[in-house]
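Below is one structure, written out as structure tokens; the observations come after it.
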Amino acid sequence: MSMDIIKSVEHLSKIQRDNQQQITDRTFFIDASNQSLTTIPLEILELKELEEVHLENNKIEVIPQNIQHLKNVRILYLNKNKLRKLCPELGELSRLEGLDLSYNPILPSSIQVISHIRTLRELRLYKIYLREFPIAICKSLHHLELLGLSGNLLKSLPKEIVNQTKLREIYLSQNKFEVFPPELCVLYNLEIIDLDENKLNSIPEEIGNLTMLQKFYVAYNNVPSIPQSLCHCSKMSVLDFSHNSLHCIPHTLTALTEMTEIGLNGNHLEKVPHLIYKWTSLHLLYLHNTGLRSLQRSFRHLVNLRFLDLSQNQLEHIPLQIFTLKNLEILALDDNKIQQLPPHIGSLSKLKSLGLTGNQFFSFPEEIFSLLSLERLYLGQDQGIKLTSVPGHIHKLQSLKELHIENNHLEYLPESLGLLPNLEILDCRHNRLQQLPDAICQAQALKELLLEDNLLTHLPENLDSLLNMKTLTLMENPMAEPPIEVCAKGLEAIWRYLRKNRNMKIMATKIQAWWRGMMVRKGLGIYEELQRPRKKGKISPKDKKGKKDEKGKPPKGNKK
């Protein structure tokens, strides 16, 4: 076991103890994740007081028999390893409450061992290619509160799942369910059901029996309607029916007064269901690709909205109702038909993210500059009208962290980009940029500069002064300084080239200055004069003319 792991053991064990307890040399917590371990180190298995062990994202193939020595372990995370078989000794961990074996190629027959760990409260088996959930687990484990089975090949659940009367959360997304598991409708303590990305055709009315249900996810299915009985789930706060076949929402759901988030993306609604305006507590509203052409006046009642997605609709202008949503922080209007922004967009004083990609602006919408809290701006134009310039006033957005202006016809960028102190991501891919402004080197917060598919031939010579830069992409540019072969080697190679070039220029300047000084010290005149061609004894035409006048011209006053 590496010294880093040992140090983390000593440090984290102290953090995990209550300050009121006497600190001993016992270790309760260890994090050995992301260490490329192929086995569980013996040093860990000898720490008999361990209560929480993190071994995720390694290359462990076998759980050793000595795992049984960890009698006090309560949490064991072994997800993202290479386990194929679970040893019987794993079932002897009599205090284990949380087990994560996700993303392992475990043999289905080996899963049965888990049924012996009767203290389990949380079991995660994501993406282990299960076709059937073991009946033995359903019969033996009576304390499960969380069951994670997403990313498997399940078509149904065993009837014995009804024994899980304490179950509060069940995750079944990305499986093969064609029918809603009816057994779930009798697990009255369920608070979260996730059935995203299955093949469901309906939701039974019995879902209304789950009066404790708070979050219900059924996105990416084939559900044509929402059961009216869902109105009995009075604690419901999150409802996601995105990408189904809905045309309306039953009016009975008005009774769900605690709704904070609803997802209706990808349904053919054509207008916002009127009952949504009754949910004044909504914080997040997803209406992406729902055929909207306008919003009703009642939309202004959603005063608590923080996130609003209206992308991929048929909007020709931003509905005025939006400007009454003073708490809005994220607004997505991408892929509509908007041509201009109204001047009072600045009333969205809390707006941090604005998506306008794929609209029909003839020029950069300068009304954006009144959004002083804006952190992320998306103005890529993958189709339709292309922007040709970015105004110099962009520096007014002093809070801006991300600027996405890809797929346009920009030939240059304004110097004022260097005056954005918080800019971290600048996406200028697929434009016509011929050069970058030198002032870009002043944007010291910059981490990602995406420039592929432009007309760049060189970079600012001090670009390597951007010390926070992590990503610089230059593919499909006719680069000469640095050459293409240097750019292909990545950021460090580019930085080395720029430093070398700059040092050579500095050296050349020093040599030139030395030579000038030497010429002066030898009395050969200043540098500028030394550059003119000179010949001994040669007299300028002006001098000759002066001498001729002195000989041939009579003196003044002797004129006769």
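The values are calculated or read from the model by the stated rules, or taken from the named source; none is laboratory data. Note that the structure is predicted; figures quoted are calculated from it, not measured. For neighbour counting, all protein chains shown are included, and Cβ atoms are generated from backbone atoms with ideal geometry for every residue, glycine included. Quick note on the areas: whole protein, heavy atoms, side chains included, nothing else; ligands and nucleic acids left out. Shrake-Rupley method; radii C 1.70, N 1.55, O 1.52, S 1.80 Å.
For the structure I just gave you, tell me whether I425 is under 22 Å from L333 (Cα atoms), in contact (Cβ under 8 Å) with a residue 24 or more places away in the chain, in contact with a strand residue (DSSP E or B) (Cβ under 6 Å, 6 or more places away or on another chain) and surrounded by fewer than 20 Cβ atoms within 10 Å (Cβ to Cβ). Criteria met by I425. The single condition from (1) assigned to a strand (DSSP E or B); (2) touching an Asp or Glu at 6+ places or on another chain (Cβ under 9 Å) that Q312 fails is (1). Taken as a whole, the range 191-205 holds at least one residue that is part of a helix (DSSP H, G or I), open to solvent by 10 Å² or more (accessible area, probe 1.4 Å) and farther than 23 Å from D100 by Cβ. Residues in the range 350-387 that are more than 20 Å from L410 (Cβ to Cβ) and in contact with a helix residue (DSSP H, G or I) (Cβ under 8 Å, 6 or more places away or on another chain) were compared, and the one that is surrounded by the fewest Cβ atoms within 10 Å (Cβ to Cβ) is L372.
Per this entry, Q312 is counted among residues that are closer than 23 Å to E402 by Cα, open to solvent by 10 Å² or more (accessible area, probe 1.4 Å) and in contact with a His (Cβ under 6 Å, 6 or more places away or on another chain). Comparison of S237, S242 shows that the only residue that is over 18 Å from L310 (Cα atoms) and under 32 Å from the mean Cα position of the chain (by Cα) is S237.
Condition first: open to solvent by less than 10 Å² (accessible area, probe 1.4 Å), touching a residue at least 24 places away in the same chain (Cβ under 8 Å) and in a loop (DSSP other than H, G, I, E, B). Now tell me which residues in the range 337-349 satisfy that. Across the range 337-349, the qualifying residues are L341, L348.
Per-residue answers, yes or no, for (1) aliphatic (A, V, I, L, M); (2) modelled with pLDDT under 95; (3) part of a loop (DSSP other than H, G, I, E, B):
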residue	(1), (2), (3)
N267	no, no, yes
V272	yes, yes, yes
T280	no, yes, yes
N289	no, no, yes
L295	yes, yes, yes
H317	no, yes, yes
L351	yes, no, yes
Q360	no, yes, yes
S363	no, yes, yes
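Just a yes or no: is a residue in the range 469-476 open to solvent by less than 50 Å² (accessible area, probe 1.4 Å), without any contact (Cβ under 8 Å) to a residue 12 or more places away in the chain and not charged (D, E, K, R)? No: the range 469-476 contains no residue that is open to solvent by less than 50 Å² (accessible area, probe 1.4 Å), without any contact (Cβ under 8 Å) to a residue 12 or more places away in the chain and not charged (D, E, K, R). Being modelled with pLDDT under 95, out of contact with any Leu (no Cβ under 8 Å at 6 or more places or on another chain), more than 22 Å from E52 (Cα to Cα) and of a type outside the set (G, A, S): is that true of K127 here? Considered against the rule, which asks whether it is modelled with pLDDT under 95, out of contact with any Leu (no Cβ under 8 Å at 6 or more places or on another chain), more than 22 Å from E52 (Cα to Cα) and of a type outside the set (G, A, S), K127 comes out as no.
For the range 491-507, the condition of being at pLDDT 90 or above and under 23 Å from R432 (Cβ atoms) holds for at least one residue.
Of the residues L436, L463, L455, the single one that is among the hydrophobic types (A, V, I, L, M, F, W, C) and farther than 19 Å from W495 by Cα is L455. Within the range 78-110, the set of residues being under 14 Å from A32 (Cβ atoms) and open to solvent by 50 Å² or more (accessible area, probe 1.4 Å) comprises just one member, K80.
Residues of the range 32-77 that are assigned to a loop (DSSP other than H, G, I, E, B), among the hydrophobic types (A, V, I, L, M, F, W, C) and either free of Cβ contacts under 8 Å to residues at least 24 places away in the same chain or open to solvent by 80 Å² or more (accessible area, probe 1.4 Å) (or both): L37, L50, I60, V73. If only residues of the range 206-262 that are hydroxyl-bearing (S, T, Y), outside any loop (DSSP other than H, G, I, E, B) and without any contact (Cβ under 8 Å) to a residue 40 or more places away in the chain are counted, the one that is nearest to C185 (Cα to Cα) is S229.
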